[in-house]
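Reviewing the structure listed below.
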Amino acid sequence: MTYDSSDKIEAFENCPKIIQLRSYMASKTIDAFIVPSDDPHLSEYPSKCFKRREFISGFTGSAGTVVITKTKKLLWTDGRYFLQSEKELDSSWKIMKHGVKDVPKMSDWLIENVGKNKCVGIDPLVHSSKFYEELSEKFKSKEITIFRVPYNESNPVDMIWGKDRPSLPNGPIRIHALKYAGETVQSKLENIRSEMKKKKADAMVLCLLDEIAYMLNIRGSDIEFNPVAISYLIITDE
């Protein structure tokens, strides 16, 4: 199947979630908003409270990215979920199938369809710096700007989710015994600080949950089947 960027999707929308998101977009002069599967730690398996893409679209697969424009709703996903996405999403959605001939990458589709001097919105907490830098570079050709949800504001999907959004997990944390860890926390800190000194760094910030679990010799229970705790870690030279 060939995907034509000029395809039109009916502008009428009866999904309250999408209507509210588009209202937010209009208030910020955003022409398209990206909703990824990622959480603020870029975890492969996000906690329930971070499943924003699933909430806004209804697609429950583990991999996929949603783009909402003023008139279109699109989901990019891979071959594991082609059939599932077709079953879970109605005909108002356009499914962009990774790996299928003539299906553009999300960034390329945005460049061709958003338009010159337009604006694409993201929540910077759920995208890597590499993604942001690459997207910014690609957008230069069409002078497309990127709106970043301010750190003191909530993700718009969370505002729509409201009181029904699951709470941030706060499960128990246990110490990972030294006989299994193989190295003390103090030894790991000394090694890290030695490298920080070489690079003349005053602090190091860890966001990946498995790295934090390793660094502190802890195991958590905040994500099903993943022994990690929702957290951030800052290591200073002291």
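The values are calculated or read from the model by the stated rules, or taken from the named source; none is laboratory data. Remember, it's a predicted structure, so these values are computed and weren't measured experimentally. Every residue, glycine among them, receives a Cβ derived from its backbone with ideal geometry; neighbour counts consider all protein chains shown. Heavy atoms of the whole protein, side chains included, go into the accessibility calculation; ligands, DNA and RNA do not. Shrake-Rupley method; radii C 1.70, N 1.55, O 1.52, S 1.80 Å.
Scan region 56-74 and tell me whether some residue there is of a type in the set (S, T, N, Q), in contact with a Pro (Cβ under 7 Å, 6 or more places away or on another chain) and outside any helix (DSSP H, G or I).
yes
Read through the list (1) under 30 Å from Cys15 (Cβ atoms); (2) touching a helix residue (DSSP H, G or I) at 6+ places or on another chain (Cβ under 7 Å); (3) of a type outside the set (Asp, Glu), then give the number of the only condition that Phe131 fails.
(2)
Given the criterion out of contact with any strand residue (DSSP E or B) (no Cβ under 9 Å at 6 or more places or on another chain) and open to solvent by less than 30 Å² (accessible area, probe 1.4 Å), identify the matching residue among Lys198, Lys188, Lys140, Lys130.
Residue meeting the stated conditions: Lys188.
As an exercise: evaluate Asn152 against (1) touching a Gly at 6+ places or on another chain (Cβ under 9 Å); (2) part of a loop (DSSP other than H, G, I, E, B) and give the number of the one condition it does not meet.
So Asn152 meets the others, but not (1).
Test Asp108 against the stated conditions and say whether it is acidic (Asp, Glu) and either touching a Pro at 6+ places or on another chain (Cβ under 7 Å) or not in a helix (DSSP H, G or I) (or both).
no
Mind checking whether some residue in region 132-142 is under 13 Å from the mean Cα position of the chain (by Cα), over 19 Å from Tyr24 (Cβ atoms) and outside any helix (DSSP H, G or I)?
No; the residues of region 132-142 include none that is under 13 Å from the mean Cα position of the chain (by Cα), over 19 Å from Tyr24 (Cβ atoms) and outside any helix (DSSP H, G or I).
Could you run through region 193-231 and say how many residues are over 19 Å from Ser47 (Cβ atoms), in contact with a helix residue (DSSP H, G or I) (Cβ under 7 Å, 6 or more places away or on another chain) and in contact (Cβ under 8 Å) with a residue 40 or more places away in the chain?
Looking only at that region, the number is 1.
Any chance you could count how many residues in region 58-81 are open to solvent by 40 Å² or more (accessible area, probe 1.4 Å), closer than 19 Å to Pro156 by Cα and not basic (Lys, Arg)?
The number of residues fulfilling the criteria is 1.
Restrict the check to region 147-170 and report whether at least one residue is exposed (fewer than 13 other Cβ atoms within 10 Å of the Cβ), over 25 Å from the mean Cα position of the chain (by Cα) and among the acidic types (Asp, Glu).
Looking through region 147-170, none of the residues is exposed (fewer than 13 other Cβ atoms within 10 Å of the Cβ), over 25 Å from the mean Cα position of the chain (by Cα) and among the acidic types (Asp, Glu).
Exactly one of these conditions fails for Val120: (1) open to solvent by 30 Å² or more (accessible area, probe 1.4 Å); (2) farther than 20 Å from Ala63 by Cβ. Give me its number.
Val120 satisfies every listed condition except (1).
Any chance you could count how many residues in region 18-55 are among the charged types (D, E, K, R), surrounded by fewer than 23 Cβ atoms within 10 Å (Cβ to Cβ), out of contact with any Phe, Trp or Tyr (no Cβ under 6 Å at 6 or more places or on another chain) and within 17 Å of Arg165 (Cβ to Cβ)?
Counting residues in region 18-55 that are among the charged types (D, E, K, R), surrounded by fewer than 23 Cβ atoms within 10 Å (Cβ to Cβ), out of contact with any Phe, Trp or Tyr (no Cβ under 6 Å at 6 or more places or on another chain) and within 17 Å of Arg165 (Cβ to Cβ) gives 4.
Determine if region 172-190 includes at least one residue that is assigned to a loop (DSSP other than H, G, I, E, B) and aliphatic (A, V, I, L, M).
Yes, that holds for at least one residue.
State the number of residues belonging to region 82-91 that are closer than 17 Å to Phe55 by Cβ and either open to solvent by 50 Å² or more (accessible area, probe 1.4 Å) or modelled with pLDDT under 95 (or both).
3
Consider only pairs whose beta carbons are under 8 Å apart and that are at least six residues apart or on different chains; among these, list those whose first residue lies in region 9-27 and is in a loop (DSSP other than H, G, I, E, B) and among the acidic types (Asp, Glu) and whose second residue is surrounded by 16 or more Cβ atoms within 10 Å (Cβ to Cβ) and at pLDDT 80 or above.
Close Cβ pairs satisfying both conditions: Glu13/Arg22.
Any residue in region 70-86 that is closer than 26 Å to Val114 by Cα sitting within a Cβ distance under 6 Å of a residue that is open to solvent by 10 Å² or more (accessible area, probe 1.4 Å) and in a strand (DSSP E or B)? List the pairs, counting only those 6 or more apart or interchain.
Pairs that qualify, where the first residue is closer than 26 Å to Val114 by Cα and the partner is open to solvent by 10 Å² or more (accessible area, probe 1.4 Å) and in a strand (DSSP E or B), are Leu74/Lys94; Leu75/Ile95; Trp76/Thr65; Phe82/Lys97; Ser85/Ile95.
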